[in-house]
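Colleague: One structure, as structure tokens, below. Some questions next.
The values are calculated or read from the model by the stated rules, or taken from the named source; none is laboratory data. The structure displayed is predicted, hence computed values, not measured ones. Please note: Cβ atoms are built from the backbone with ideal geometry, for glycine as well, and neighbour counts cover all protein chains shown. Surface accessibility is based on the protein's heavy atoms, side chains included, excluding ligands, DNA and RNA. Shrake-Rupley method; radii C 1.70, N 1.55, O 1.52, S 1.80 Å.
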Amino acid sequence: MSSDGFADVAGVVRRRSGIVLTEDKAYLLETRLGPVLQKFGLASIGALGAKLKARPDEQLERAVVEALTTHESSFFRDGKPFDHLAKLLPRLLAPGRSAPLRIWSAACSTGQEPYSIAMLVADALAGRPGPKVEILATDISGDVLTRAKQGVYTQFEVQRGLPIRSLVKYFKQDGAKWRINPDLAAMVRFEERNLLADLSALGKFDAIFCRNVLIYFDAPTKTRVLDALAKRLNPDGILYLGGAETVLGLTDRLVPVPGERGAYGTAEQRAAA
């Protein structure tokens, strides 16, 4: 692969998604872009880079970003953020609450994260009336969102982090696969969204999950995304990041929640404490 071809492809990916591809990730282009080359009749990564450089092509750029975006997910991944949210839900779902409970799963991939959140909410309500619940699930990839909306998972996927009690309670077997119950699926709304775009139309949230996403960004992009997420939180809202991610040195809009790994509150919370 020519260095020019790599640079041209990496430039498009960074501009559209914020993901930084360094030279040591060149193997990703070779392994993941084969179907894209075949679909668009291109002989090599160099030819792809030249075509991208020659003129904007929305369909081609979108296909490249889709192919190079990582979509790793599992139910109740890493545990801790879900344990923390479970402790907050009795207050967030208090009978006297009039405002909707709003939770955002950003970069939701194939849907395990938002459905895990929905299961926690359903468990907390235990069939009793409560406030309206809105779970928004977004991702930059239309392909994975199509799969997430189906709510169908293999035996291997449900075995990754999903308690057997939740599997029996919230899924029905569909041949060799498992399909999420319609009532639970109805709690989640999926949208295609780019974290680098204007997010103001999404409104405010009580909790935001944006986990294992910042690790692909450079420091300025991390700051940009964190500041945008902080603006989407209610004053007492919580942001959950991945275990290897932090806000320290990147923004003063968010502060760690004492005693909780990967949970961050707004600076207003610290001022009011």
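Colleague: Can you tell which of Glu191, Glu30, Glu66 shows the greatest fluctuation in a Gaussian network model of the chain with Cα springs below 10 Å?
Modeller: Maximum among the listed residues: Glu30.
Colleague: Sticking with this structure for a sec: Looking only at Ala43, Ala137, Ala124, which one moves most when the chain is put into a Gaussian network model with springs between Cα atoms under 10 Å?
Modeller: Ala43
Colleague: With both bridge residues required to lie in the chain, what share of the DSSP beta bridges run antiparallel, to the nearest 5%?
Modeller: 45
Colleague: Any idea what angle helix 80-92 forms with the longest principal axis of the chain, computed on alpha-carbon atoms, 0 to 90 degrees, nearest 10?
Modeller: Around 40 degrees separate the two axes.
Colleague: Could you give the length gained by full extension between Ser200 and Thr146, i.e. 0.36 nm per residue of separation minus their alpha carbon distance, to one decimal place? Present the calculation step by step, with values, prior to reporting the outcome.
Modeller: On the way: separation 54, 0.36 × 54 = 19.44 nm, distance 2.41 nm.
So the chain would gain 17.0 nm between Ser200 and Thr146.
Colleague: Where does the longest stretch of the chain lie that holds no trypsin sites (Lys or Arg not before Pro) found in a DSSP loop with 15 or fewer other Cβ atoms within 10 Å?
Modeller: Formally, the longest exposed-site-free interval is 1-96.
Colleague: Given springs between every Cα pair under 10 Å in a Gaussian network model of the chain, which of Ala207, Ala54, Ala122 has the largest fluctuation?
Modeller: Between Ala207, Ala54, Ala122, it is Ala54 that shows the largest mean-square fluctuation.
Colleague: What are the aspartates and glutamates whose alpha-carbon lies under 18 Å from the alpha-carbon of Lys25, with same-chain residues fewer than 8 places away excluded?
Modeller: Correct list for Lys25: Asp4, Asp8, Glu66, Glu72, Asp218.
Colleague: Right, next: Please report how far the C-alpha centroid of the stretch 128-156 lies from that of the stretch 64-91, rounded to the nearest whole angstrom.
Modeller: 12
Colleague: Determine one quarter of the surface area of the Cα convex hull of the chain, which equals its mean projected area, and express it in nm² to one decimal. List each step's numbers first, then the result.
Modeller: Working: hull surface 63.5 nm².
Hull-based average projected area comes out at 15.9 nm².
Colleague: Rounded to whole Hz and in sequence order, give me ³J(HN,Hα) for the stretch 161-175 from the Karplus expression 6.51 cos²θ - 1.76 cosθ + 1.60, θ = phi - 60°, writing x for Gly and Pro.
Modeller: Karplus-based 3J(HN,Hα) across the stretch 161-175 equals x, 8, x, 4, 4, 5, 4, 5, 6, 10, 10, 10, 6, 10, x Hz.
Colleague: Lysine pairs in the stretch 123-233 with Cα distance under 30 Å, only those 8 or more apart or on different chains: how many are there?
Modeller: For the stretch 123-233, the number of qualifying lysine pairs is 15.
Colleague: Size of the dipole of the stretch 6-68 about the Cα centre, Lys and Arg at +1 and Asp and Glu at -1 on the beta carbon, nothing else charged, in debye to 20? Could the numbers behind the result be given before it?
Modeller: Numbers: 10 positive and 8 negative charges, 33 e Å.
Magnitude of the dipole: close to 160 debye.
Colleague: Could I ask something else about it? How large is the accessible surface per residue of the chain, computed with a 1.4 Å probe and reported in Å² as a whole number? Please list the in-between numbers first.
Modeller: Values: 13090 Å² over 273 residues.
Value returned for the chain: 48 Å² of accessible area per residue.
Colleague: State whether the stretch 28-113 is rounded, prolate or oblate according to the following rule on the C-alpha gyration tensor (a ≥ b ≥ c being the square roots of its eigenvalues): a/c under 1.5 gives rounded; otherwise a/b larger than b/c gives prolate, and the remaining case gives oblate.
Modeller: Working: a/c = 5.33, a/b = 2.81, b/c = 1.89.
Prolate shape, in that a/c is at least 1.5 and a/b is the bigger ratio.
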